[in-house]
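One structure below.
The values are calculated or read from the model by the stated rules, or taken from the named source; none is laboratory data. It should be emphasised that the depicted structure is a prediction, and the values quoted were computed from it without experimental measurement. With ideal geometry, Cβ positions are generated from the backbone for all residues, glycine too; neighbour counts draw on all protein chains shown.
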């Protein structure tokens, strides 16, 4: 079986291939597309997968993820990439300065749709906290400031991709289960 992962993010492509191949062949389609604005990553992923599958006439997978910080009322949330580009890690850490409650959650919604069918989504989450300063150079995005529960390291400090992005891995494994049935 072959799916088409629509993303310009090479890191995501690598993660999907590590999890899905060789059972499911993953081909990247580096296409930019307009995203729905919503606080719900599953809604965003389902709509994008449906629109792309119908227009490209291929089985499409998209992934929408975000870092939801409790003390910031869920910011940056589904706007994580946009906010990261504008204010970076320093901006997030500045917003968190003096805040004791550093709880947060990463959420990943993987949307899947075949042409002319209804889209489905798979959610993966991981709880953690925001570090006081950026640490590590591994991964991408907010990885250097996210410390998963039961760890002292940020995702940025973790070398093994199996350790990082467990929230995305959970969602992609749910997709794999669906594709096998």
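Before moving on, here are some points about what is shown:
- Taken residue by residue, segment 97-104 has at least one member that is surrounded by 17 or more Cβ atoms within 10 Å (Cβ to Cβ) and farther than 23 Å from residue 180 by Cβ.
- Taking segment 1-99 as the region of interest, the helices (runs of 4 or more DSSP H) fully inside it that hold 3 or more residues being closer than 18 Å to residue 117 by Cα are 41-56.
- Each residue in segment 139-165 was checked for being surrounded by fewer than 17 Cβ atoms within 10 Å (Cβ to Cβ) and in contact with a strand residue (DSSP E or B) (Cβ under 6 Å, 6 or more places away or on another chain), and 1 pass.
- Residue list for segment 24-36, restricted to those being at pLDDT below 95 and either in contact with a helix residue (DSSP H, G or I) (Cβ under 8 Å, 6 or more places away or on another chain) or closer than 16 Å to residue 171 by Cα (or both): 31, 33, 35, 36
- Within segment 1-16, the only residue that satisfies the criterion of being without any contact (Cβ under 8 Å) to a residue 24 or more places away in the chain and out of contact with any strand residue (DSSP E or B) (no Cβ under 7 Å at 6 or more places or on another chain) is 10.
- Only one of the numbered conditions (1) at pLDDT below 95; (2) over 19 Å from the mean Cα position of the chain (by Cα) is not met by residue 132, and that is (1).
- Test: residue in segment 38-56 that is within 22 Å of residue 140 (Cβ to Cβ) and touching a helix residue (DSSP H, G or I) at 6+ places or on another chain (Cβ under 7 Å): no
- Filtered residues of segment 106-138 (kept if surrounded by fewer than 19 Cβ atoms within 10 Å (Cβ to Cβ) and in contact (Cβ under 8 Å) with a residue 60 or more places away in the chain): 114, 115, 116, 117, 118, 120, 123
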